[in-house]
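Structure first, commentary second.
The values are calculated or read from the model by the stated rules, or taken from the named source; none is laboratory data. These figures come from a predicted structure and were not determined experimentally. Neighbour counts are summed over all protein chains in view; Cβ atoms, including those assigned to glycine, are modelled from backbone coordinates with ideal geometry. Accessible surface areas use protein heavy atoms only, side chains included; no ligands, DNA or RNA. Shrake-Rupley method; radii C 1.70, N 1.55, O 1.52, S 1.80 Å.
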Amino acid sequence: MITLYHCVSARSFRPLWTLEELGLPYTLKMLPFPPRALARTYLQENPLGTVPLLVDGDTRMTESAAICQYLAARHSPGVLDVAPQDPAYGAYLNWLHMSDATLTFPQTLVLRYTHFEPAERKQPQVAEDYGRWFLARLRAVDTAVQQQDFLCAGRFTAADIAVAYALQLASHLGLDAQFPPAVAAYWARLQQRPAFQRALAMQHQAAIDQGVPTTPAPDIRP
């Protein structure tokens with residue numbers, strides 16, 4: 001049985017959505033955000049205190065895009081995965097890695113220096129600069145989805161899930177108002193997927209059942 005440790009609408013939403021797309025059985029363990037401060041026993045499972053943590057037998061993974069790639073490769077060859085011999089394989093890997101390193105990363109600085117730091121440590125200029133950085137890097141997504149419904153391989157893949165979380169986070173930060181029309185339409189299409197809707201419902205109900213606040217992690221204000 002796969003176990004996923006998750007905070008509501010944190011980066012761990014990527015593997016949660018992937019699990020729902022694949023229809024795999026899994027156990028969802030909800031944590032308050034940030035778990036390193038509010039669920040100290042979790043450090044015994046993941047010394048970093050971050051989510052996600054995916055446990056699949058002896059396999060333990062903590063990088064959200066890598067987990068999407070792992071689940072797709074192991075459980076959906078040719079469906080959410082892109083095979084190495086496919087001409088789109090390089091683009092697929094590039095989107096997976098871009099999703100966090102290029103698109104989510106600058107938003108975490110916006111979140112930190114706008115909302116998470118105490119008043120004396122807030123840095124409005126840093127937040128503004130990194131918000132612009134994110135929107136500038138979003139041009140790659142805009143170029144791709146102006147020409148096709150999904151990012152690569154002519155179909156929905158794990159890369160779309162990984163990149164979509166960056167768009168989801170941007171929505172929590174109010175940056176979605178500046179999405180180019182093609183990106184806004186792409187994000188709207190992805191939100192209509194049944195597995196996306198199931199993942200939202202699953203995390204909400206699991207949080208209630210496990211006594212964890214249902215407020216999305218990006219919306220929590222210390």
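At-a-glance table
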| read-out | value |
| --- | --- |
| Residue ID - farthest from LEU96 (Cα to Cα), chosen from residues in region 43-58 that are open to solvent by 40 Å² or more (accessible area, probe 1.4 Å) and free of Cβ contacts under 8 Å to residues at least 24 places away in the same chain | GLN44 |
| Tally of residues being under 16 Å from the mean Cα position of the chain (by Cα) and of a type in the set (Ser, Thr, Tyr) across region 78-91 | 0 |
| Residue within region 16-27 that is under 18 Å from MET202 (Cβ atoms), open to solvent by 20 Å² or more (accessible area, probe 1.4 Å), in contact with a strand residue (DSSP E or B) (Cβ under 6 Å, 6 or more places away or on another chain) and of a type in the set (Phe, Trp, Tyr) present | yes |
| Cβ-Cβ under 9 Å pairs, at least 6 apart or on other chains, region 21-42 side over 26 Å from ALA159 (Cα atoms), far side open to solvent by 50 Å² or more (accessible area, probe 1.4 Å) and aliphatic (A, V, I, L, M) | PRO32/LEU38; ARG36/LEU48 |
| Qualifying residues in region 38-74 (those that are assigned to a helix (DSSP H, G or I), out of contact with any Pro (no Cβ under 7 Å at 6 or more places or on another chain) and hydrophobic (A, V, I, L, M, F, W, C)) - the one nearest to LEU19 (Cα to Cα) | ALA72 |
| Matching residues, region 176-189, being buried (at least 20 other Cβ atoms within 10 Å of the Cβ) and part of a helix (DSSP H, G or I) | VAL183, TYR186, TRP187 |
| Residue count for region 100-135, restricted to those that are surrounded by 19 or more Cβ atoms within 10 Å (Cβ to Cβ) and of a type in the set (D, E, K, R) | 1 |
| Filter pass, THR214 being open to solvent by less than 10 Å² (accessible area, probe 1.4 Å), at negative phi and of a type in the set (Ser, Thr, Tyr) | no |
| Given (1) farther than 25 Å from PRO213 by Cβ; (2) among the hydrophobic types (A, V, I, L, M, F, W, C); (3) modelled with pLDDT of 95 or more, number of the condition MET1 does not satisfy | (3) |
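Condition check ((1) aliphatic (A, V, I, L, M); (2) farther than 27 Å from GLY78 by Cα; (3) open to solvent by less than 30 Å² (accessible area, probe 1.4 Å)) across all residues:
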position	(1), (2), (3)
MET1	yes, no, no
PRO34	no, yes, no
ALA37	yes, yes, no
ARG40	no, yes, no
